[in-house]
Each structure stands twice: as structure tokens, then as C-alpha cells.
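**Q** Shown below is the structure under consideration.
Where a number appears in this text, it was derived from the coordinates with a stated rule and is not lab data. Model, not experiment: these values are computed from the prediction. A quick note on method: Cβ atoms are made from the backbone with ideal geometry, for glycine too, and the neighbour counts reach across all protein chains shown.
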Amino acid sequence: MLDKVKNVIVVLSGKGGVGKSTVSTQLALALRETGYKVGLLDIDLCGPSVPYLLGLEGSDIYQCDEGWVPIYTDETKTLAVMSIGFLLKSRDDPVIWRGPKKTVMIKQFLTDVKWEELDYLIIDTPPGTSDEHITVMECMREVPCTGAVLVTTPQGVALDDVRKEITFCKKTGIKLLGIVENMSGFVCPHCTTCTNIFSSNGGVELANFAQVPHLGTLPIDPRMGVLVGSTSSVLSHLPDSSTAQVMRHIVQQLAAATAQPQEITA
Amino acid sequence: MQAPPPVHCPGLESEQAGLVSACAGCPNQSICSDPNKKLEDPGKALVAAALKDVKHKLLILSGKGGVGKSTVTTLLTRYLARSCPDKNFGVLDIDICGPSQPRLLGAVGENVHQSGSGWSPVGIDDNVCLMSIGFLLGSVDDAIIWRGPKKNGMIRQFLSEVDWGTLDLLLLDTPPGTSDEHLSVVSYLRDDNAPDSVRAIIVTTPQEVALLDVRKEINFCKKQRIPIVGVIENMSSFRCGHCGNSSEIFPAKTGGAAAMCAEMEVPLLGSLPLDPNVAKACDAGEDITAIRNPTTEALADICGKIVSSF
């Protein structure tokens, strides 16, 4: 399983809607921008967001002798994407499955997809600590160089759930690469006042409390919305924004933590 | 040890159950293929008996996480309880892996007591009580690392072994998705003789990435024959506290909830603004429904529509 993949990074959060998929896609795009070959696997079966975020809705998965061929975003084949969204007939179709069927599907995504040589495989997960997560962690025992990135928003109600996810990582023995705090402050475009809609600093405090590296703090930036539906990275599209700066820093830290020999060029 | 299901298991609900080639050799094939042998879960009768004095049940659903299902549940409960002081309300949090209701309703650290008639839910107000798995955990850090069947067992216990007493409305706060928790709660509560006793409210935010999952949830309700009271759009606009101008943080590029409701033919109940004060009050478990602000005004309108639908 995943024989040609050097590093696997699982993006987790106990809480929904904190930006796991946005961080996963931007992380994958930023790693590609930096020169790595990247795979992105979406295991949120009931609510796949990756096809929409990358503008790949409607793409079809083909099968070859060695298994399913993932969707490549362009001819360079530097970003391979797999999601259940590509297997549904209509984007409105619900996937009403209990745990065992979800487990089988995820195992298929890990074993039956023809992942080429990849420097990084990013796995985007649904919220919670249940079937999908247990299955992925079980499979990850057979794969080296694995770590988890936790995404949170700063308010208490999200942190409560993320603390549970930290316990999950400790119990399942997965290395925590760090915490990303998302939606931290909103700068009003009219008067440039920064409002901490969902309070602030919660991710930093949690990282200190749990003794996990704090990878960065991403602001709420409505300009990020224009990147939805495209495969352009915030690094190239809005290179001076604070989101791009933080993202660049996160990539550097992750590359260092996963000990990739390649030079960082971005 | 439980045997894993066959790789291409069509699922019990499927008409193909027990008939496709993957079923050959499965020990459950004879049960699956015979429609007469599909026995009803004995839990369903227990649930019906335990909830016989609960008049209405309202599921708060959304395919997407973090759109404010729990916040909306809290706000609706608080507002309805304040405006109908002679009615009784219950809240059941079936988000097993990420329970938020204890914090939002200001009941962190409370304990559930067991009596002869079952678990006593935690009293929040004179006419509001709450049950959540959060009360059964030793610490906030404790994670519930359970696969589906254990979660289903817990939900069944919450429905059949909690002493809810007489309630006018039970609100059920759900996790995101269309999976175990949702299927279980629907199969336990749905009563084909009284199809209106369980209904759903859908919560969404305006941006397409949320609407995408919410459409799936609406189709889930249609497939499961759960009537939808309507859709509430949360976090629809943000008013800067400094200059008073509004910004759309989660822009409705595809027309937001209004366009989706028209397309899916479900009513739109209203929109709640993105208000940092609500976020703060929720984190602290405070009740904001007594204050007059744009959120509570919108809430009053939404609650009026919900009450008149009963």
C-alpha cells in the first residue's frame, strides 16, 4: 500500500467547518508550488469538498490494470487528486452509508488507487474521531513518515473538539506535526479594523497546552474566495497576503519536520 | 470478533440485498435476501415507549460541519423556552464525537444522575433539559473513538433510557454528514403512522462549499421521508463593530441559501447574521435571547415560523 509515497500528512480536526479542506488543498498546492509531487486524498465521504475547491467537479475516474487512476490537475502530473465526489453521478447525491461501507471505501482509496511516485500525500478527513479516522490510522501503521496537522478555529467550542482529536492522535500513536489556527481575525475592508469574530489566539494556547508546535495563524480573508474552483496556490496568486506568508512558513516547517532532502525554493 | 462485511456489500436497505454476486458465501445472505426475515430493531419499541409523552421532535441537520447547528439549536431552544414559559423543551446532543451543547447551554461539568426511571437529563432552565455524551466524559480531552455500532448503541440509550418526562418539543442536535448517527436516529424516531412527529431544520452558511453538502442532506431527508420545516442561513453577513459597514465573509457566489431553497423546493426560514457577540456568549454559555439585537430579531421571526408550522 502506498509504496511509492514518501510522506503522508493527515489533516485532522475534531470540529467541522474550521477549514480542513481549504488548508488541505492550499497545503497541497503550496507543496506543489515548492517543487514537490503531491497527492490529495479526500476521505470525507458524506461531504466531499475537494473536487469543488479545486474546480474538478465532473471529472471521471478511469480504471486501469493497476487500479483507479487519480485525477491530475494538469499535464505536469504534479498533483493527483482522489475523492468520492468523482464517483457520484450528481453533486447533490447523498452518500448514506454506515461505518463498514465507509471503511471499505477508504481502504480502496488507499490500496486500489494508482498513486504514482509522490513526495507528499495529503489526506483530508471529515470531522470527528470515528470510522474514517480509525480506518486511516489502522492503515497508516503500515506506512512510514506519517504525521498529522490539526486545524482549529480560535473559539472555545471548536477547541473542545480539537482537544479530543489530540487525545485521538496520542492514543493511536500518530505524530502531531502541529496546529494551524484558521479564521483568526477579520480585517474590515472598509475601515481596516481587525475584529476577532471567533476570538483569537485559541490555537496558540492549545499548542502550548498540548506541547505541540504551532504552525501558523491564518486570518479570515475573503480574497481567498477567488481561489475556490481553481488550482492556483495562494503563494502565486496573492504572494504578499498574510495568508501566503503563513502558508509558506507552514510548508517550510512541514518539509523540515518530514525531513525531505530537497531544497525549498519558494 | 465481528466478521467484516464483504467488499461489495450492497447494504441492508438495498433491494439487491442478498442477491448480488458479492453476497454469495456471506453468512447473512439468507437473512438479507428474505424480506420477511428483516426483523425490526427491538430498540424501536423501547424508544417509542420512552418518548410517548414527547409531542414533537425536531432534528437540527446540516451536511456541513461548523455552520452553527449547535448554536442554532441553543438559540432556538432558549428563545422558544423564553417565549413559551408553560411549555417544556428537551435538547438531545447526538454528536457523539464532538458534543458542544454542554458548553453552549452553560452546563459544563454537570453530572447526569441515574434513578429508577433512567438517566435524568441536566436541567438548564425551569422548562429546558439537556442530555449529551459530554456529561458522561471525565474530561474535555477525553475522546470517543468509536465506530458506528457503538455510537448507535449510545443514541439508542439516549432515546430509550433517559427520563425525558413530558415534553412539548425535543430538539436533536446532530453531527455533520449522512451516516450512522443520522440513520440511527431516523430509524428509531420515524413513525409511519404519524409522519409529522419528526421533522427537520437544515442549517447552512451562504457559501457554495457548504451548500454543496447541505443539498446532500436535503436529499437525505427526502429519501428518509423526514419533512423539512425549512432552512436557516447562518453567518450571512458581518457588520463591523467599528464602522458599521457590512461585509460578506462567506460570499454567496451561487445565490446563497435563498437560491438553493428555490432549487430544492424547501422553505427558507430566515438568515442569522455573523455576530462576534453571539460567538462570545456561546463560548461562555450565556443566554442572549433577552437582549434586542439583529440576531434576536431574526431569531424571533424564525421561531414564529417554526411555532406556526406545528
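**Q** Pop the C-beta distance of B:H113 and B:E40 into the FRET formula with R0 = 35 Å and round what comes out to the nearest 0.05.
**A** Taking R0 as 35 Å, the efficiency between B:H113 and B:E40 is 0.65.
**Q** Another one. Measure nothing but the geometry: give the 0 to 90° angle between the long axis through the Cα atoms of A:99-111 and the longest principal axis through the Cα atoms of chain A, rounded to 10°.
**A** The angle comes out near 80 degrees.
**Q** Here is a follow-up. Name the lysines eligible as straight-distance cross-link partners of B:K52: C-alpha to C-alpha under 24 Å, and not fewer than 8 places from it in the same chain.
**A** B:K52 reaches B:K44, B:K87, B:K151.
**Q** Next question. So how tilted is helix A:20-33 from the main axis of chain A? Cα-based, degrees 0 to 90, rounded to 10.
**A** Tilt relative to chain A: about 80 degrees.
**Q** Okay, next question. Nearest 500 deg cm²/dmol is fine: what mean residue ellipticity at 222 nm does the protein assembly as shown get from its DSSP H runs of n ≥ 4 alone, each adding -39,500 (n - 2.57), divided by its residue count?
**A** It lands at -10000 deg cm²/dmol.
**Q** Report the calculated FRET efficiency for B:S30 and B:D125 (r = Cβ-Cβ distance, R0 = 41 Å), to the nearest 0.05.
**A** Between B:S30 and B:D125 the formula returns 0.20.
**Q** If the chain between B:R190 and B:K150 were fully stretched, how many nm would it gain, using 0.36 nm times the residue separation less the Cα-Cα distance?
**A** 12.3 nm is the gain from fully extending B:R190 to B:K150.
**Q** Right, next: Just for the protein assembly as shown, what percent of DSSP beta bridges are antiparallel, to the closest 5?
**A** 20 percent
**Q** While we're looking at this one, here's another question. Which of A:P219, A:P51, A:P94 ends up with the largest GNM mean-square fluctuation for chain A, with Cα atoms connected below 10 Å?
**A** Taking springs between Cα atoms under 10 Å, the residue moving most is A:P94.
**Q** Measure off 7 Å from each Cα along the Cα-to-Cβ vector at B:D141 and B:A259, then give the distance between these two points in nanometres to one decimal.
**A** 4.6 nm
**Q** By how many nm would the segment from A:N201 to A:E142 lengthen if fully extended, with 0.36 nm per residue of separation less the alpha-carbon distance?
**A** 17.6 nm
**Q** Also, quick follow-up: What is the packing order of peptides A:64-76, A:16-28, B:256-268, taking the mean over residues of other C-beta atoms within 10 Å and listing the highest first?
**A** Top to bottom by mean Cβ count within 10 Å: A:16-28, B:256-268, A:64-76.
**Q** Looking at chain B as a GNM with Cα springs under 10 Å, which of B:S14, B:S197, B:S246 has the largest mean-square fluctuation?
**A** Evaluated over chain B, the most mobile residue of the options is B:S14.
**Q** Further question: For chain A, set up a Gaussian network in which alpha carbons nearer than 10 Å are linked by springs, and say which option among A:I122, A:I174, A:I106 fluctuates the most.
**A** A:I174
**Q** Can you tell me how much longer the chain between B:A48 and B:K87 gets when fully stretched, taken as 0.36 nm per residue apart minus their C-alpha distance, in nm with one decimal?
**A** Computed gain between B:A48 and B:K87 is 11.9 nm.
**Q** What distance in nm separates the two pseudo spin-label positions at A:T111 and A:F209, each 7 Å out from Cα along the beta-carbon direction?
**A** Output for this residue pair reads 3.9 nm.
**Q** How far is helix B:208-223 tilted, in degrees, relative to the longest principal axis of the Cα atoms in chain B, given as a value from 0 to 90 rounded to the nearest 10?
**A** Compared with the principal axis, the helix lies near 50 degrees.
**Q** Kirkwood hydrodynamic radius (Cα pairs, Å) of the protein assembly as shown?
**A** Roughly 24.4 Å, rounded to one decimal.
**Q** In addition: In nm, to one decimal, how far is the modelled label at A:T192 from the one at A:Y62, with both set 7 Å along Cα→Cβ?
**A** Reported label-point gap for A:T192 and A:Y62 is 5.2 nm.
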